[in-house]
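Working notes, beginning with the structure itself.
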Amino acid sequence: MAIRALPQILIDRIAAGEVVERPASAVKELVENAIDAGASRIEIVTEGGGQRLIRIVDDGSGMSAEDLALAVERHATSKLPTEDLLAIDTLGFRGEALPSIASVSRLSITTRLRGGEGGSAITIEAGIKQAIRPAAIGEGTRIEVRDLFYATPARLKFLKTQRTEAAAIADVVKRLAMAHPGIGFTLAGEDHAPSTWPADEGPARLGAILGADFIDNAIAIDAARGDTRLHGHIGLPTFNRGTGQQQYLFVNGRPVRDKLLLGAVRGAYADHLPRDRFPVLALFLEVASRDVDVNVHPAKAEVRFRDGGLVRGLIVSAIRAALERESGRASSGNAQVALGLLGRSVSRPADADWDWRASPAAPSLPMGLSEPRQVGFDGLVQPSADARAGAAPAPPDSLDRPLGAARTQLHETYIVAQTRDGVVIVDQHAAHERLVYERLKRERAAAGTRSQLLLIPDVVDLDPADVERLAAAAGDLAALGLVVEPFGPGALLVRAVPAALGTPDPAALVRDLADGFAEWGSEIVLERRLDHVAATMACHGSVRAGRRLLPAEMDALLREMEVTPNSGQCNHGRPTYVTLKLTDIEALFGRR
């Protein structure tokens, strides 16, 4: 078949397929242009899930008539002052968004250069340009995209429902609003309830978008290595979700879904959450433009770092340090759930003449006992819980401790402690499991991981690239108990495995590591395997539910929890204790 040159309009529509996947993609490109133009306010209006109308209005620098004519040409941009593709300090730079969108829609642009005397406008329908004309507009730019994909009907078949497409647009706007808190955003139209986020550089912007409960259950992060800085907020482990949709990651103000960053977050939370739960977070990474390549994905959703190990290490260490610093905190939602359950259980008598003897919990009185001599419940009913801890007054200094003084044990599972202003309920097994786990990790860090030499070294066939990666990390792997070395092209020799793993299949272990290195570029897979062993040992070696504890044992457990990192949740991400304020308990009983 003969080779032929494609017509320009078809070239533009092919480019549109790469850049404009759905209405949300067009919104993202146009809002990023407004941000790059120095806008302080951006308004987004959509109809029909963005397919019928997208309108973006900003108060940015605007364009002259000459610039407007060039802006709708392919590969024309104001965002690359030189030919150096490693010095990109803007969100958009390809020069493809406007002509690509115009090739598959009815596009109109009205703009006025900041300080200019008049405005200009242009209309493009399915890639066919009209002449530029004068227009009345304030400083800034208004872009309207109507009937998106009408020129490519096949693309319309792949769009989701209007509600789904509108939700995708809202997600894009929220991510950009989080990344640029100094800009005011408004999202409106028939697809959305009007949402306005005024310019606010503080955490208030995150709270307005992610909800006030996020800020209440978040930890601030600000760490740096060299010229690379990480800041933002991460959620407590007990404040988690069933999907990773609320993990917001940004690189130099650019929202991304990058596997290196997501893998680092997953590794940092590995000790705190089960595999099917995900933290809520908003993290902002600032990297020198020459140390990150943003030109590796048509939609700019992924990036490539010059030093991925430095970035990964910064994220993991910063998150772990923050979680350890706030290890005594549990999600405020845990107490609210507990109070809600108690509120449904506590009922106040509606009848003033209520007779306590009609209660199902009323004791059976001995024969002949007259009503004036009725005895209280306490004298007749033996409690099912062991209340020996409450027999003696609590030491005053214990009441001032974060977890208070142990007062009793309920159902031989839960420790109830008293503080100056409330009550703490501790799950003894979950709490002790975390304490044992942290102790095992400290011992491993201090003494190293023992190796078990193989009687006959195992040869594992791998892809040469995997062999190279694992061989380069042989020193780190040896510190974790795995001794490997290259064995010719495409093979790795395993001489020893971590003793804590028992008798693993060396080939399976190494292949798992190779997959992990390919995805994350680190020995995190082996660390997680060892952590899993420690977690299993901790689970089986900890105080079980159903074991009766002496008062001194309960107090000792509380004191150790107060000084142990990450004691607010067990190894599976569940809370180890719930704190109830006395004022909240009093409110349940109508005392407040």
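Taking the mean number of other Cβ atoms within 10 Å as a proxy for protection, how do you rank 428-436, 57-65 from highest to lowest? Show your work: numbers first, answer last.
On the way: 428-436: 23.4, 57-65: 21.0.
Ranking the peptides 428-436, 57-65 by packing returns 428-436, 57-65.
Does anything in the stretch 448-480 have its amide N under 16 Å from the 7 Å Cα→Cβ label point of residue 507, and if so which residues?
Zone members listed by number: 456-463.
Along Cα→Cβ, 7 Å out, is where each label goes; now give me the distance between the ones at residue 3 and residue 556 in nm to one decimal.
8.1 nm
Can you sort 578, 467, 31 from fewest to most other Cβ atoms within 10 Å of each residue's own Cβ? Mind dumping the intermediate values first?
Details: 578 19, 467 23, 31 28.
Going from least to most buried by this count: 578, 467, 31.
Counting other C-beta atoms within 10 Å, and keeping those with at most 16, which DSSP coil trypsin sites (Lys or Arg not before Pro) do you find in the stretch 438-468?
450
Relative contact order of the stretch 8-196: what whole-number percent is it, with Cα pairs under 8 angstrom and at least 6 residues apart?
Here the relative contact order equals 28 percent.
What ratio of Cα Rg to 2.2 N^0.38 Å holds for the stretch 204-325?
For the stretch 204-325, the normalised Cα radius of gyration comes out at 1.01.
How do the peptides 232-243, 146-157 rank, highest first, by the average count of neighbouring beta carbon atoms within 10 Å per residue?
Values: 232-243: 20.1, 146-157: 15.9.
Descending packing order for the listed peptides: 232-243, 146-157.
What FRET efficiency, computed as 1/(1 + (r/R0)^6) with R0 = 41 Å and r the Cβ-Cβ distance, is obtained for residue 75 and residue 195, rounded to the nearest 0.05?
Details: r = 35 Å, r/R0 = 0.85.
E(calc), rounded to 0.05, equals 0.75.
Starting from the exponent 0.38 and prefactor 2.2 Å, build the expected Rg for the stretch 8-196 from its residue count and divide its actual Cα Rg by it.
0.97
For the stretch 442-481, state the average projected area of the convex hull of the C-alpha atoms over all orientations, rounded to one decimal in nm². Could the numbers behind the result be given before it?
Values: hull surface 14.2 nm².
That works out to 3.5 nm².
Please report, largest first and rounded to whole Å, the three semi-axes of the ellipsoid equivalent to the stretch 186-252, where each semi-axis is the square root of five times an eigenvalue of the C-alpha gyration tensor.
Details: eigenvalues 120, 57, 30 Å².
They are 24, 17, 12 Å, listed from largest to smallest.
Throughout, read-outs are computed from the coordinates displayed, never taken from laboratory work. What you see is a predicted model, and the numbers here were worked out from it, not measured in a lab. Positions of Cβ are backbone-derived with ideal geometry, glycine not excepted, and every protein chain shown enters the neighbour counts.
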